[in-house]
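The values are calculated or read from the model by the stated rules, or taken from the named source; none is laboratory data. Everything numeric here is computed off the predicted structure, so don't read it as measured data. Cβ sites come from the backbone with ideal geometry, for glycine too, and all protein chains shown count toward neighbours.
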Amino acid sequence: MTATLHQGDLPANISLGDVVAVDSETLGLNPQRDRLCLVQLSSGDGTAHLVQFKAGAGYDAPNLKKILADRKTLKLFHFARFDVGVLQKYLGVLTAPVYCTKIASRLTRTFSNHHSLKALCRDMLDIDLDKQQQTTDWGSGELTEAQIEYAASDVLYLHKLKSLLDEALKREGREHLAKACFEFLPTRALLDIGGWPDEDIFAHH
């Protein structure tokens, strides 16, 4: 595994291919309050690029934004709903098109109640992710090696999971459902950051 930390943006000469795994780290879980601190990306080749946003430095990251907004590049997430909302709020870009391994897991692994990234890596790849750094201070100006390794691990395995989940979606005849869910995800994220995070607007009451 190789993880490279960049400050404020990706270098312009980095090419990540047509399918890019993406994740984010924030100060907390409330996008309205807790700022974006880190964005991780990987092309699935064992290399991760981490873009750190330090407090007060702003979010002028044209190279990163170009990738996120590129309609020819599929952005691969685990729990895309949260990340897409955070990226919209802080970077001002609506990430699309997207694929979410959590949604794909929920549509196919109906025998299980466990759909976290840790659970998928354990059950499908026989990889035990260390989640100890998940609740550390991502707003720190200097990230530890343990934080960098943890952040990288969140994007390094998504391509392999997608391949296995795609097979399961096809086997169960649920590809069309997954596609429709993925296409709706950016709108779901906009509803979240717009003030409807918990309300089901499709409900009768």
Worksheet, complete the sentence: From the option list ASP123, ASP130, ASP83, single residue qualifying as surrounded by fewer than 20 Cβ atoms within 10 Å (Cβ to Cβ) and either assigned to a helix (DSSP H, G or I) or modelled with pLDDT of 95 or more (or both) is ASP123
Item to complete: Consider only pairs whose beta carbons are under 7 Å apart and that are at least six residues apart or on different chains; among these, list those whose first residue lies in segment 70-97 and is at positive phi and among the hydrophobic types (A, V, I, L, M, F, W, C) and whose second residue is surrounded by 19 or more Cβ atoms within 10 Å (Cβ to Cβ) and outside any helix (DSSP H, G or I).
Response: PHE79/CYS100
Practice prompt. Would you be able to say whether some residue in segment 98-111 is of a type in the set (Val, Ile, Thr), assigned to a loop (DSSP other than H, G, I, E, B), touching a helix residue (DSSP H, G or I) at 6+ places or on another chain (Cβ under 7 Å) and farther than 14 Å from ASP23 by Cα?
Written response: no
Worksheet item: Any idea which residue in segment 98-120 is surrounded by the fewest Cβ atoms within 10 Å (Cβ to Cβ), counting only those that are among the small types (Gly, Ala, Ser) and under 17 Å from LYS162 (Cβ atoms)?
Response: SER116
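Each row is one residue, and each column tells you yes or no for (1) under 30 Å from THR2 (Cβ atoms); (2) surrounded by fewer than 16 Cβ atoms within 10 Å (Cβ to Cβ); (3) in contact (Cβ under 8 Å) with a residue 12 or more places away in the chain; (4) aliphatic (A, V, I, L, M).
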site: GLN134; (1), (2), (3), (4): yes, yes, yes, no
site: GLY139; (1), (2), (3), (4): yes, no, yes, no
site: LYS162; (1), (2), (3), (4): yes, no, yes, no
site: ARG174; (1), (2), (3), (4): no, no, yes, no
site: LYS179; (1), (2), (3), (4): no, yes, no, no
site: PHE182; (1), (2), (3), (4): yes, no, yes, no
site: ARG188; (1), (2), (3), (4): no, yes, yes, no
site: ASP192; (1), (2), (3), (4): no, no, yes, no
site: PHE202; (1), (2), (3), (4): no, yes, no, no
Worksheet, complete the sentence: Exception for GLY141 within (1) more than 16 Å from the chain's Cα centre (by Cα); (2) assigned to a helix (DSSP H, G or I); (3) not charged (D, E, K, R) falls at (2)
Worksheet item: Could you list, in sequence order, the residues of segment 1-59 that are exposed (fewer than 14 other Cβ atoms within 10 Å of the Cβ) and within 17 Å of SER153 (Cα to Cα)?
Response: MET1, THR2, ASP45, GLY46
Worksheet item: Going through segment 144-193 one residue at a time, which ones are farther than 22 Å from VAL93 by Cα, charged (D, E, K, R) and either within 18 Å of the chain's Cα centre (by Cα) or assigned to a helix (DSSP H, G or I) (or both)?
Response: GLU145, GLU149, LYS160, LYS162, ASP166, GLU167, LYS170, ARG171, GLU175
